[in-house]
Amino acid sequence: MADDDRAQDGRAELEDALELPFEPMELQMGPSHPAMHGTVKIVLKLDGETIVGSDVEVGYLHRGFEKEAESSLYYQVFPYTDRLNYSSPMINNVGYALAVEKLFDISVPERGNYVRVIASEVSRMTDHFTCLGAAAMELGAMTAFLYAVEARDQLWDLLDAMCGARVTCNYVRIGGVSHDLGPDFPALAREKLAKAAGLHKDLEDLLLANPVFRERMVGTGVLGPDELIAYGVTGPLLRAAGVPYDVRAAQPYLVYDRLDFDVPIGEHGDNFDRFIVRCEELRQSARMIEQCLAGMPEGPVDVDDAKIRWPGKNRVFNRMEELIAQFKLVTEGMKPPIGEVYQAVEGGNGELGFYLVSDGSGKPYKCRCRSPSFSNTQPLSRMIQGKMLADVVPTFDMINMIGGECDR
Amino acid sequence: MSDSKAPETSTPESAAEEQSEAASHPVLAALAARFPGAVVSSQCFRGDATAIVKSDSLKEVCAFLRDDPELAFDMLLDVTAVDYLGRAPRFEVVYHLYSVKKNHRLRLKVALEEKDLRVPSLTPLWVGANWLERETYDMYGVQFEGHPDLRRIYLYEEFQGHPLRKDYPKERRQPLIGPGSSRPAATRRQAATSGEE
């Protein structure tokens, strides 16, 4: 059969008579695969162990975030944003809140902004620890994974102290946060950050000089800066290729313009640089949290406007005006002016943007989430083209595709 | 969502202010000077620059935005659409551009009639447009002409309709398999035995 086919298309004489007929093998990696965090399928075409073609299929976790948001009041969207990038829910909370506040044209009191920066940076650290630990595990380093997860747990304790939940935070509100930090928070934060830093050091000691780890990471998954930009890739992936684009530095929001931090960049744009950039960002985040703890002023965390942020219980139960405001807010929601805004924040994996269209009612007419995972996953096929099958795992790990955010 | 009315673009009193702000915005000014016929209108709201351009000149405008050294919009961040059901034209395709070199942003919009829901694909200019346009096609049914591989990205091929359209009820379910599936049981059995996906 195979001989006949080859004779027909006239290639037989070009091929060495001793060479076996080539037919690419199709391998379906996922949607449920131990190395596919979340559910995603990669259809690979293989020549031996070399990838000659691939198609990445996303959408297994599509829950209709945008449709759901369009039928919710503005304040009801927060729990859904928690479930976008579930490794760093606070950043999604903050990004959405900033977009709505931009629509209203309000700004949160100083202390509220500091609290939000702390929340974002703790969340970024948990995101990076998850990514680094999972990457190590999927390359066979189970021990290193446990160190990363232990460090993440320390930081989850911090989130727990902040909002009472470790993963599904729902902490930020339009015009503030659900409640202020407790008086013992700074001491707890310093203790937990010190523990996490120690574990981070151990994690690096275990991995960075390990020949097996280096073999899998150095020089794999490379893509140049121009191509990454054309793909719309942002975050640690782009910075590892030497482009210092970070929303926190380029277009500062909250109080990032007052914090002293570096934007770490890589040189080669390979998986190893992506790992190193994330490691360095962990240190920068800890540095920012420390500055916030030291520089945070006293005062309110919420805007003093009963039409946007509901007043405290003591005011609602004792005063007529506030009671009415509370009732109207809960039933009808806050009503922004007609218009449309786009607000970007630096998420765990890159630029996280919310595009809101308001028709003046209490529900967003359109609530679009520009998710970094979606844009970052797109060039995966390009990164693994012509490479070995084993390179899929570290490359996919460093892309850190989060199903909830990619598929929304 | 049937009770919600299509929103106006801006209230009359703020429109004049937005127009004057738009005239002084460097990117919008450059765009208006270069393509006086293609830019239908431009405005600034809360510091976001927006230009509405004609569908047939979209590619030309985008090529200029990308290649002009002063503008240098090297990154296409996002493509989406908005369904203004009950308004003519019904749809708007929305592009968010960013320049890594110049650190500025721009929102481009193209208004489309429901019966002529076509817009040129931007994949030749930004390779990243591929998935973003597939998503917009999946969710709104916008046809991107010249797209190399325009198929659904999140939903399955058999899905009927486009779920983010305002006339698609939120409660409507279309399971691919099991009770309530639109595919008759006989077809499913046949597909299973013949090895078809």
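Kindly provide the set of residues from the stretch A:62-89 that are surrounded by fewer than 22 Cβ atoms within 10 Å (Cβ to Cβ), assigned to a loop (DSSP other than H, G, I, E, B) and more than 9 Å from every other protein chain (Cβ to nearest Cβ), ordered by number.
A:63, A:72, A:73, A:83, A:86
If only one of A:126, A:168 is touching a residue at least 60 places away in the same chain (Cβ under 8 Å) and either of a type in the set (Asp, Glu) or assigned by TED's automatic domain parsing to the domain that holds residue A:357 (or both), which one is it?
Exactly one of A:126, A:168 is touching a residue at least 60 places away in the same chain (Cβ under 8 Å) and either of a type in the set (Asp, Glu) or assigned by TED's automatic domain parsing to the domain that holds residue A:357 (or both), namely A:168.
Looking at (1) in contact (Cβ under 8 Å) with a residue 40 or more places away in the chain; (2) assigned to a loop (DSSP other than H, G, I, E, B), which is the only condition residue A:293 fails?
All conditions pass for residue A:293, except number (2).
Pairs only if they're at least six apart or on different chains, beta carbon under 6 angstrom, first in the stretch A:32-58 and more than 14 Å from chain B (Cβ to nearest Cβ), second hydrophobic (A, V, I, L, M, F, W, C) and surrounded by fewer than 18 Cβ atoms within 10 Å (Cβ to Cβ); list them, first residue then second.
If the second residue must be hydrophobic (A, V, I, L, M, F, W, C) and surrounded by fewer than 18 Cβ atoms within 10 Å (Cβ to Cβ), the pairs left are A:44/A:27; A:45/A:52; A:46/A:25; A:46/A:27; A:49/A:388; A:49/A:389.
Looking at A:298, A:290, A:280, which is the one that is of a type in the set (Asp, Glu), under 18 Å from the mean Cα position of the chain (by Cα), closer than 25 Å to residue A:190 by Cα and surrounded by fewer than 19 Cβ atoms within 10 Å (Cβ to Cβ)? Step through it out loud before you land on a result.
Values: A:298 fails: under 18 Å from the mean Cα position of the chain (by Cα); A:290 fails: under 18 Å from the mean Cα position of the chain (by Cα).
Among A:298, A:290, A:280, only A:280 is of a type in the set (Asp, Glu), under 18 Å from the mean Cα position of the chain (by Cα), closer than 25 Å to residue A:190 by Cα and surrounded by fewer than 19 Cβ atoms within 10 Å (Cβ to Cβ).
Does the stretch A:317-337 include one or more residues that are among the β-branched types (Val, Ile, Thr) and either within 30 Å of residue A:45 (Cα to Cα) or surrounded by 15 or more Cβ atoms within 10 Å (Cβ to Cβ) (or both)?
Among the residues of the stretch A:317-337, not one is among the β-branched types (Val, Ile, Thr) and either within 30 Å of residue A:45 (Cα to Cα) or surrounded by 15 or more Cβ atoms within 10 Å (Cβ to Cβ) (or both), which makes the answer no.
I'm checking my understanding of the structure. Among residues of the stretch A:29-61 that are in a strand (DSSP E or B) and not hydrophobic (A, V, I, L, M, F, W, C), which one is modelled with the lowest pLDDT?
Here the answer is A:47.
I'd like to check something: does the stretch B:64-72 contain any residue that is surrounded by 21 or more Cβ atoms within 10 Å (Cβ to Cβ) and modelled with pLDDT of 90 or more?
yes
Could you say whether any residue in the stretch A:331-344 is more than 10 Å from chain B (Cβ to nearest Cβ), in contact (Cβ under 8 Å) with a residue 12 or more places away in the chain and closer than 29 Å to residue A:237 by Cβ?
Among the residues of the stretch A:331-344, not one is more than 10 Å from chain B (Cβ to nearest Cβ), in contact (Cβ under 8 Å) with a residue 12 or more places away in the chain and closer than 29 Å to residue A:237 by Cβ, which makes the answer no.
Give me a count of the residues in the stretch B:81-96 that are away from chain A (no Cβ under 11 Å) and surrounded by 15 or more Cβ atoms within 10 Å (Cβ to Cβ).
4
Of the numbered conditions (1) closer than 21 Å to residue A:384 by Cα; (2) within 14 Å of another protein chain (Cβ to nearest Cβ); (3) assigned to a loop (DSSP other than H, G, I, E, B); (4) in contact (Cβ under 8 Å) with a residue 40 or more places away in the chain, residue A:253 fails exactly one; give the number of that condition.
Of the numbered conditions (1) closer than 21 Å to residue A:384 by Cα; (2) within 14 Å of another protein chain (Cβ to nearest Cβ); (3) assigned to a loop (DSSP other than H, G, I, E, B); (4) in contact (Cβ under 8 Å) with a residue 40 or more places away in the chain, the odd one out for residue A:253 is (1).
For the stretch A:203-212, state whether one or more residues are under 30 Å from residue A:75 (Cα atoms) and in contact with a Leu (Cβ under 9 Å, 6 or more places away or on another chain). Steps first, answer last, please.
The initial filter retains those residues of the stretch A:203-212 that are under 30 Å from residue A:75 (Cα atoms), namely none.
There is no residue in the stretch A:203-212 that is under 30 Å from residue A:75 (Cα atoms) and in contact with a Leu (Cβ under 9 Å, 6 or more places away or on another chain).
Given (1) touching a Gly at 6+ places or on another chain (Cβ under 8 Å); (2) modelled with pLDDT under 85, where does residue B:57 come up short, assuming only one miss?
The number of the failed condition is (2).
Looking at (1) among the hydrophobic types (A, V, I, L, M, F, W, C); (2) within 14 Å of chain B (Cβ to nearest Cβ); (3) not in a helix (DSSP H, G or I), which is the only condition residue A:222 fails?
With (1) among the hydrophobic types (A, V, I, L, M, F, W, C); (2) within 14 Å of chain B (Cβ to nearest Cβ); (3) not in a helix (DSSP H, G or I) applied to residue A:222, the lone miss is (2).
Let's see how each residue does on (1) part of a loop (DSSP other than H, G, I, E, B); (2) touching a helix residue (DSSP H, G or I) at 6+ places or on another chain (Cβ under 7 Å); (3) surrounded by fewer than 19 Cβ atoms within 10 Å (Cβ to Cβ):
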| position | (1), (2), (3) |
| --- | --- |
| B:133 | no, no, no |
| B:151 | yes, yes, yes |
| B:154 | yes, yes, no |
| B:159 | yes, no, yes |
| B:162 | yes, yes, no |
| B:167 | yes, no, yes |
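Could you check, for the stretch B:104-119, whether at least one of its residues is assigned to a strand (DSSP E or B) and of a type in the set (Val, Ile, Thr)?
yes
If you go through the stretch A:186-213 one residue at a time, how many are assigned to a helix (DSSP H, G or I) and touching a residue at least 40 places away in the same chain (Cβ under 8 Å)?
Within the stretch A:186-213, the subset assigned to a helix (DSSP H, G or I) is A:186-207, A:211-213.
Applying the additional criterion that residues be touching a residue at least 40 places away in the same chain (Cβ under 8 Å) yields A:186, A:189-190, A:193, A:195-197, A:199-200, A:202-204, A:206-207, A:212-213.
So the count comes out to 16.
I'm checking my understanding of the structure. Among residues of the stretch A:359-407 that are within 30 Å of residue A:332 (Cα to Cα) and more than 8 Å from chain B (Cβ to nearest Cβ), which one is surrounded by the fewest Cβ atoms within 10 Å (Cβ to Cβ)?
A:362
Just give me the residues in the stretch A:187-203 being closer than 16 Å to residue A:160 by Cβ and surrounded by 17 or more Cβ atoms within 10 Å (Cβ to Cβ), in sequence order.
Scanning the stretch A:187-203 gives A:189, A:192, A:193, A:196.
Check whether at least one residue in the stretch A:308-315 is over 28 Å from the mean Cα position of the chain (by Cα), assigned by TED's automatic domain parsing to the domain that holds residue A:401 and either closer than 25 Å to residue A:182 by Cβ or not small (Gly, Ala, Ser) (or both), and report yes or no.
No, the conditions are met nowhere in the stretch A:308-315.
So if I check each of A:94, A:108, which one is crowded, with 24+ Cβ neighbours inside 10 Å, over 29 Å from residue A:204 (Cβ atoms) and in contact with a helix residue (DSSP H, G or I) (Cβ under 8 Å, 6 or more places away or on another chain)?
Every option except A:108 fails the conditions.
Just to be sure before I move on: is residue A:235 within 14 Å of chain B (Cβ to nearest Cβ) and either in contact (Cβ under 8 Å) with a residue 40 or more places away in the chain or surrounded by fewer than 24 Cβ atoms within 10 Å (Cβ to Cβ) (or both) in the structure I sent?
Judged against the criteria, residue A:235 is a match.
Restricting to the stretch A:141-167, name every residue that is more than 19 Å from residue A:209 (Cβ to Cβ), surrounded by fewer than 16 Cβ atoms within 10 Å (Cβ to Cβ) and either hydroxyl-bearing (Ser, Thr, Tyr) or under 18 Å from the mean Cα position of the chain (by Cα) (or both).
The answer is A:167, and nothing else.
The values are calculated or read from the model by the stated rules, or taken from the named source; none is laboratory data. Just so it is clear, the structure is predicted and the values come from calculations on it, not from any experiment. Because the Cβ atoms are built from the backbone with ideal geometry, glycine has one as well, and the counts that use them run over all protein chains shown.
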